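First up is the structure itself, then whatever we jot down about it.
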Amino acid sequence: MDNSLRVLNVLPAPLSAPNKFHTGKPGCTEPEEIDWNIRFTATSRTYCYRILHISGNDEREACMPFEHDRSWRMLDDDEPLDVDAMNLAAKILIGTHDFSSFRGKGCQRLSPVVTLNDIEISSTPYSPFGHDMTFSTTTKDSNTSVNLYTIRITGESFVYRQVRNMVGCLVRVGQGKTMPSEVEHILEKRERKLAPVMAPAHGLFLTNVAHWGLDL
């Protein structure tokens, strides 16, 4: 079997990048530029989290073999997740905040304060052939349906396990078990134990990393 990697395009990395800590004011000891680094000079990162919500009376119909490690598969007979409530709670998280309530143990960042630029939550009927097609797992003998929920989160940087912890909280909101207004209380208290449990890892994908001076 051919396991070779096909590279379509290669761009040279910059040698340096602007130092955001350089203020230009008298007495500032920070250099104007720093060495370019693929991790530390990134200006933003976008994560995508996928959730398959399976509702109905026959869970076996919804066992998509290609999704077992690519999404959080929720087997639930209740109503679908409330996307409007989730987006309302997400607005509370956008901006610059202390995310200690969503910070995992072992985080190496010196500060829990980070900036989230955007959170988008959407829902569509699941299709194994592409999102622009409607695929129903419903048959005459059952009433099983599958919805794909996509949560896209963009920020300058993140604390350890922040995205999965926030997704776990937003799902609780979508289930009606946590009110959107409670998310603000959880954020302000800065205590991890107050936030809901963390979402599993197999639905999380890093989809984009933006760098100053490097247009991909």
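The values are calculated or read from the model by the stated rules, or taken from the named source; none is laboratory data. This structure is a prediction, so every number in the text was calculated from the model and none was measured. Cβ atoms come from the backbone with ideal geometry, glycine included; neighbour counts cover every protein chain shown. All accessible areas refer to the heavy atoms of the entire protein, side chains included, with ligands and DNA or RNA removed. Shrake-Rupley method; radii C 1.70, N 1.55, O 1.52, S 1.80 Å.
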Which order do you get for 41, 96 if you rank them by accessible area with a 1.4 Å probe, largest at the top? 96, 41
Give or take rounding to whole Å, what are the principal axis extents of the alpha carbon atoms in region 143-209, in descending order? 42, 33, 17
Region 157-216: relative contact order from alpha carbon pairs under 8 Å, six or more residues apart, as a whole percent, is 42 percent
I'd like the FRET efficiency for residue 94 and residue 202, computed as 1/(1 + (r/R0)^6) with the beta carbon distance as r and R0 of 22 Å, rounded to 0.05. 0.30
Decide, for region 69-110, between rounded, prolate and oblate: order the square roots of the alpha carbon gyration tensor eigenvalues as a ≥ b ≥ c, take rounded if a/c falls under 1.5, and otherwise choose prolate if a/b is larger than b/c, else oblate. oblate
Between the modelled labels at residue 33 and residue 109 (7 Å from Cα along Cα→Cβ) the distance in nm is 2.8 nm
Loop GluC sites (Glu not before Pro), region 162-216, which have at most 11 other Cβ atoms in a 10 Å radius of their Cβ (DSSP): 191
Expressed in square angstrom to the nearest 10, the accessible area of residue 98 with a 1.4 Å probe stands at 30 Å²
Gain upon complete extension [residue 118, residue 21; 0.36 nm per residue less C-alpha separation]: 32.6 nm
